[in-house]
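Visitor: The structure under discussion is supplied below as structure tokens; questions concerning it will follow.
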Amino acid sequence: MKRIIALVTLIIVTVIALTGCSPLEVLSADEFTSRMEAQGYIVEDISEIASAVFDDAVGTVLIVQTETFGLEFLVFETEANARVAFNNVQRAFEDGRGLASSHSSSSAANFSRFRQTTEGRFEIVTRVENTLLISQTSSDNRNDVEAVFDLLGY
């Protein structure tokens, strides 16, 4: 009986672990815009302005700004560039971490994710292949931001 319970537990843990590690669907700039506009958000393309900052590493930069939070969606020319940018954003978030904070990170297959709550702020960045989705907001708006990330599959 103990072996059966142990086997069932092992199967459940394996299924949960594999489900959490499955690849995420990468969005194009057009798909991001369509999904966000369908939810009533206004998407602004600031690629020309951002090209001065990122040189040729990033192709498209889209932003959404609401009264409570902002989002940045970046499409990089290569996945390697997106990885470097993800690491830089994560490091910047960590450098701004206060004494009272919580954070989590995960990565698998084609994505990386980092999120933290610190001193009343919620910060999250997710990389899927050659794209990044970034948000910083008050921790009061965490649920709204996470709902948008879930809607986008990020």
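Visitor: Name the most mobile residue of 67, 79, 119, meaning the one with the largest mean-square fluctuation, in a Gaussian network model of the chain with Cα contacts below 10 Å.
Guide: 67
Visitor: Among 101-108, 83-90, what's the highest-first ranking by average C-beta atoms within 10 angstrom per residue?
Guide: Working: 101-108: 12.5, 83-90: 17.5.
Going by the mean number of other Cβ atoms within 10 Å, highest first, we get 83-90, 101-108.
Visitor: With a 10 Å Cβ neighbour count serving as the proxy for reagent exposure, in which order, fewest first, do 41, 154 appear? The partial results should precede the final answer.
Guide: Values: 41 14, 154 24.
Ascending Cβ contact count within 10 Å gives the list 41, 154.
Visitor: If you don't mind, there's one more thing I want to ask. Which whole-number percent is the relative contact order of the chain (Cα, under 8 Å, 6+ apart)?
Guide: On the way: 239 pairs, mean separation 32.9, N = 154.
With pairs under 8 Å counted, the relative contact order is 21 percent.
Visitor: Given that compact globular proteins tend to follow 2.2 N^0.38 Å, what is the ratio of the alpha-carbon Rg of the stretch 26-152 to that value?
Guide: Numbers: Rg = 14.0 Å, N = 127, 2.2 N^0.38 = 13.9 Å.
Its radius of gyration relative to the 2.2 N^0.38 Å reference: 1.01.
Visitor: Now for a separate question. Considering only 131, 78, 66, give the residue with the highest GNM mean-square fluctuation for the chain, with springs between Cα atoms whenever their separation is below 10 Å.
Guide: Its mean-square fluctuation being the largest, the pick is 66.
Visitor: Select from 33, 117, 68 the residue whose mean-square fluctuation is largest in a Gaussian network model of the chain (Cα-Cα springs shorter than 10 Å).
Guide: Among 33, 117, 68, the largest GNM mean-square fluctuation belongs to 68.
Visitor: Considering only 105, 135, 57, whose Cα is most displaced toward the positive end of the charge dipole of the chain, charges sitting on Cβ of Lys, Arg (+1) and Asp, Glu (-1)?
Guide: Farthest towards the positive end: 105.
Visitor: Another one. Once a ≥ b ≥ c are taken as the square roots of the eigenvalues of the Cα gyration tensor of the stretch 74-123, is the result rounded (a/c under 1.5), prolate (a/b larger than b/c) or oblate (a/b not larger than b/c)? Walk me through the numbers on the way to the answer.
Guide: On the way: a/c = 3.00, a/b = 2.00, b/c = 1.50.
Prolate, because a/c is 1.5 or more and a/b exceeds b/c.
Visitor: Give, as a single signed number, the net charge of other residues whose beta carbon lies under 12 Å from the beta carbon of residue 144, with Lys and Arg counted +1 and Asp and Glu -1. Walk me through the numbers on the way to the answer.
Guide: Numbers: positive: 142; negative: 67, 140, 146, 150.
That sum, taken over residues with Cβ under 12 Å, equals -3.
All of the numbers you see were taken from the coordinates with simple rules; none came from a lab. Because the structure is predicted, anything quoted here is derived from the model rather than measured. Glycine also receives a Cβ, built like all others from the backbone with ideal geometry; neighbour counts cover every protein chain displayed.
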